[in-house]
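Each remark here refers to the structure printed beneath this line.
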Amino acid sequence: MARSPSPKNAGRLLHTAWTSIIVDIEAGRRRRMESLFPPESLPARFVYSFARGFFMSETNRWGVATLTLHAGSEDVPGRSVSPAIFQTSTYRWHHVQDGLALSSQEAPTEFYARWGHPNGRQMETIVAALEGTQAALATSSGAAAMTLALVPWVGPGDHVVLGRTIYGETRNLVSRILGRFGVRHTIVDSPDSAAYESAIEAATRVIVTETPANPTLDCVDIAALAKLAHAHGARLVVDSTFATPVNTRPAALGADAVVHSATKYLAGHSDVVAGVLATDSEAISRAWDYLRITGPVLGPFDAWLVTRGLRTLELRMARHNANALAVARLLEKHSAVARVHYPGLTSHPAHALARRQMKGFGGMLSVELHGGEQAGLKFASRLRLFVPATSLGGVESLVQFPATLARITEQERLASGIEPGLVRLSVGCENEADLLEDVDQALAS
Ligand SMILES: Cc1ncc(COP(=O)(O)O)c(C=O)c1O
């Protein structure tokens, strides 16, 4: 979020202005570097890490774990190492006249908590640093983050292109809510870039995609879609909830905006509902205007929980990546299994793309058994360590049946590639051997 310095503190104001200029320059430089040296090939990786040392500031050189532990720590007033929680809705002014100056700032952190607060600011600073975007905006849920990514950019007569498999409420947002205000949309019928291209119209303003997608694990080529979107004057919005910035950084590949359900991996402990939008400063300004007016803010304690979760994001993702790959490989070899959807398997149709675009393949997978729905139900209900529950991305493993969830029609479900027997696993951070034993016993006939 653009900073909002206090008029009482000229030194801080200058520091703030200077910092945001540096952040903007660094973000642009980093994007240019990454388009010159995409991290696919070994020589490119060597050149990249060498060049990084020369051209990037400390913050831009830091790895994920360092960023999550140190970025934004100066944003929270006070000297405590664990940030204080600013559980207040409003802030005392020095003089009653200060209200005018504070209320005319963008996202002041010490005015009124719907406008911003220190805990939200810290979370936003960390996420923007992780995603390599100019700014970020914390929201009360992932659904709210998607709403703020889209609403400021479309109006009557505009058109939105949606990925084949997309979170159900994102589809509902576009079809049922934006549709009421005259926004049209097309849902593509395949994850291939060509399908997106043929859906684009002159009035297309935004392409919305999800990769890997929930729950089919479809992967789309972010760099190709970004080029396509920009060639047609549209924006590319990527829901990167499944990937996390540990595995994929969509902005570095050209995406204009990145959306997360922070409820999932970013917070990581199934104890908070939260979202975040990471994008350029102008888009954040527009999103903040809608946030202030419509009110889907994240409370201070919830922002604090996300910030605490972020501190172990890289550690957790390494474990999620390894555990899910092991479970996927076990499932694929089993005679009871018809199909495993996991981008880390060579059998996944977009495995080559996933290798290019992802550092690890994530903790989510889905599986279809011979014997369809009944066999899937039996398998899911025999699992002992995988808790039957909705949501995903927490440290504990979860299992669910996407076809049994309400809110999308059967026709929409089938068009999204969700078979009735599809079982979705959110593979947690338990010990790998225990998870494998559990899956194995649940498959035994
Ligand atoms: C991929 C994806 N995006 C967005 C959302 C919405 O997030 P939230 O529940 O935090 O609003 C979800 C929720 O399951 C999701 O799986």
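The values are calculated or read from the model by the stated rules, or taken from the named source; none is laboratory data. This is a predicted model, so every value here is computed, not measured. Cβ coordinates were reconstructed from backbone atoms using ideal geometry, including for glycine residues, and neighbour counts include every protein chain displayed.
Could you please let me know if T294 is surrounded by fewer than 24 Cβ atoms within 10 Å (Cβ to Cβ), in the same structural domain as Y167 (by TED's automatic domain parsing), of a type in the set (V, I, T) and within 16 Å of the ligand (Cβ to nearest atom)? Walk me through it before giving the result.
Values: surrounded by fewer than 24 Cβ atoms within 10 Å (Cβ to Cβ): yes; in the same structural domain as Y167 (by TED's automatic domain parsing): yes; of a type in the set (V, I, T): yes; within 16 Å of the ligand (Cβ to nearest atom): yes.
Spelling it out, T294 is indeed surrounded by fewer than 24 Cβ atoms within 10 Å (Cβ to Cβ), in the same structural domain as Y167 (by TED's automatic domain parsing), of a type in the set (V, I, T) and within 16 Å of the ligand (Cβ to nearest atom).
Within the option set V367, V399, V387, V340, being among the β-branched types (V, I, T) and in contact (Cβ under 8 Å) with a residue 40 or more places away in the chain holds for one residue only, V367. Looking only at residues that are among the polar types (S, T, N, Q) and within 22 Å of the chain's Cα centre (by Cα) in segment 165-188, which one is nearest to the ligand (Cβ to nearest atom)? Checking each candidate, the answer is T170.
Quick check: anything in segment 243-254 within 14 Å of the ligand (Cβ to nearest atom), within 25 Å of P77 (Cα to Cα) and not in a loop (DSSP other than H, G, I, E, B)? Within segment 243-254 (the criterion being within 14 Å of the ligand (Cβ to nearest atom), within 25 Å of P77 (Cα to Cα) and not in a loop (DSSP other than H, G, I, E, B)), the answer is no, since none of the residues qualifies.
Quick check on segment 96-103. Is at least one of its residues surrounded by fewer than 23 Cβ atoms within 10 Å (Cβ to Cβ), closer than 20 Å to A203 by Cα and assigned by TED's automatic domain parsing to the domain that holds A203? Within segment 96-103 (the criterion being surrounded by fewer than 23 Cβ atoms within 10 Å (Cβ to Cβ), closer than 20 Å to A203 by Cα and assigned by TED's automatic domain parsing to the domain that holds A203), the answer is no, since none of the residues qualifies.
Find the residue count for segment 189-242, including only residues that are among the aromatic types (F, W, Y) and within 15 Å of the ligand (Cβ to nearest atom).
Selection size over segment 189-242: 1.
Among the residues of segment 419-434, none qualifies, meaning not one is under 18 Å from N321 (Cβ atoms), part of a loop (DSSP other than H, G, I, E, B), hydrophobic (A, V, I, L, M, F, W, C) and out of contact with any helix residue (DSSP H, G or I) (no Cβ under 8 Å at 6 or more places or on another chain). Sub-6 Å Cβ pairs linking a first residue in segment 79-103 that is of a type in the set (D, E, K, R) to a second residue that is modelled with pLDDT of 95 or more and surrounded by 12 or more Cβ atoms within 10 Å (Cβ to Cβ), at least 6 apart or interchain, number zero. Restricting H348, H320 to residues that are out of contact with any strand residue (DSSP E or B) (no Cβ under 6 Å at 6 or more places or on another chain) and either within 19 Å of S270 (Cβ to Cβ) or part of a helix (DSSP H, G or I) (or both) narrows the list to H320.
Residues in segment 125-153 that are away from the ligand (no atom under 16 Å from the Cβ) and out of contact with any Ser or Thr (no Cβ under 8 Å at 6 or more places or on another chain): 5 in all.
Specify which of the listed residues (V272, V238) is in the same structural domain as W115 (by TED's automatic domain parsing), without any contact (Cβ under 8 Å) to a residue 60 or more places away in the chain and under 20 Å from R311 (Cα atoms). If you could, list the steps in order and put the result at the bottom.
Numbers: V238 fails: under 20 Å from R311 (Cα atoms).
That would be V272, the only listed residue that is in the same structural domain as W115 (by TED's automatic domain parsing), without any contact (Cβ under 8 Å) to a residue 60 or more places away in the chain and under 20 Å from R311 (Cα atoms).
Given the criteria of a type in the set (A, V, I, L, M), closer than 30 Å to R92 by Cβ and not in a helix (DSSP H, G or I), does A138 qualify? Answer is yes for this residue. Restricting attention to segment 279-290, does a residue exist that is more than 17 Å from the chain's Cα centre (by Cα), within 15 Å of the ligand (Cβ to nearest atom) and touching a residue at least 40 places away in the same chain (Cβ under 8 Å)? No, there is no match, as no residue in segment 279-290 is more than 17 Å from the chain's Cα centre (by Cα), within 15 Å of the ligand (Cβ to nearest atom) and touching a residue at least 40 places away in the same chain (Cβ under 8 Å).
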